[in-house]
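Read through the structure below, which is laid out as structure tokens, and then see the notes.
The values are calculated or read from the model by the stated rules, or taken from the named source; none is laboratory data. This is a predicted model, so every value here is computed, not measured. Cβ placement follows ideal geometry from the backbone for every residue including glycine, while neighbour counts extend to all protein chains displayed. To get the accessible areas, we keep the full protein, side chains included, count just its heavy atoms, and leave off ligands, DNA and RNA. Shrake-Rupley method; radii C 1.70, N 1.55, O 1.52, S 1.80 Å.
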Amino acid sequence: PVSYLDKSPFELSSGEKKLVSIATILSLNPSLIILDDPTMGLDNEREEKLIKLLKKLKTRYHKTIIIMSSDIRFVLKLTDNYLLLKKGKIISLGNKKDLLSNGDKIKRAGIEIPKIIDFINTVKKKKDINLELTFDIKELMKDVYRNVR
């Protein structure tokens with residue numbers, strides 16, 4: 001693996017620059033971490049590694065993490081609570097489960113609802129089947145199977 005220490009900042013991709021900036025901040029061991037669009041420029045593999053890191057920081061090291069992003073799929077994989085803004089005004093706040101079960105709040109903020117969440121909410125409305133809110137397709141399939149028997 002190539003060390004970022006051996007590279008000029010001008011040689012780094014935008015995703016690499018993002019990761020180096022996050023690493024720099026984490027080296028200070030802050031109790032509060034604020035991230036603005038942390039997934040911008042990251043491929044799926046690096047995004048998943050960042051998710052694992054942030055979850056570990058939150059659970060094991062009890063860090064408070066504030067994420068500002070329009071990538072709702074990423075944010076909802078990490079968050080317990082949310083605050084939705086539209087044109088600088090709070091339009092909704094609460095816990096993740098409440099937000100995921102009410103897609104209208106997400107739509108009002110002008111954010112596209114993840115297809116998996118849209119499916120879960122549609123099944124609830126049309127068939128009155130309560131599937132577990134998840135982003136893991138395997139977990140969703142297991143839940144569908146349990147509810148169809």
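The table that follows gives values for the structure above.
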item	result
Residue match in segment 60-68 (condition: in contact with a helix residue (DSSP H, G or I) (Cβ under 6 Å, 6 or more places away or on another chain), over 19 Å from P30 (Cβ atoms) and not acidic (D, E))	no
Condition check for I33: of a type in the set (A, V, I, L, M), open to solvent by 50 Å² or more (accessible area, probe 1.4 Å) and out of contact with any Ser or Thr (no Cβ under 6 Å at 6 or more places or on another chain)	no
1 or more residues closer than 18 Å to F135 by Cβ and either within 15 Å of the chain's Cα centre (by Cα) or of a type in the set (S, T, N, Q) (or both): qualifying strands (runs of 3 or more DSSP E) within segment 1-116	64-68, 81-86, 89-95
Residue count for segment 66-82, restricted to those that are basic (K, R) and within 18 Å of K107 (Cβ to Cβ)	1
Complete set of residues in segment 87-103 that are in contact with a strand residue (DSSP E or B) (Cβ under 9 Å, 6 or more places away or on another chain), open to solvent by 70 Å² or more (accessible area, probe 1.4 Å) and under 25 Å from T122 (Cβ atoms)	L93, N95
Sole exception among (1) more than 23 Å from K115 (Cβ to Cβ); (2) open to solvent by 90 Å² or more (accessible area, probe 1.4 Å); (3) among the hydrophobic types (A, V, I, L, M, F, W, C) for L12, by number	(2)
The one condition in (1) modelled with pLDDT under 85; (2) open to solvent by 90 Å² or more (accessible area, probe 1.4 Å); (3) under 30 Å from S14 (Cα atoms) that P114 fails to fulfil	(2)
Residues of segment 118-149 that turn out to be modelled with pLDDT under 85 and in contact with a Leu (Cβ under 8 Å, 6 or more places away or on another chain), as a count	3
Residue ID - nearest to the chain's Cα centre (by Cα), chosen from residues in segment 117-149 that are acidic (D, E) and not in a helix (DSSP H, G or I)	D136
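Conditions (1) over 15 Å from E16 (Cα atoms); (2) surrounded by 13 or more Cβ atoms within 10 Å (Cβ to Cβ); (3) at pLDDT 95 or above, marked per residue:
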{"residue": "T39", "(1), (2), (3)": "no, yes, no"}
{"residue": "E45", "(1), (2), (3)": "no, no, no"}
{"residue": "K52", "(1), (2), (3)": "yes, no, no"}
{"residue": "K58", "(1), (2), (3)": "yes, yes, no"}
{"residue": "I67", "(1), (2), (3)": "yes, yes, no"}
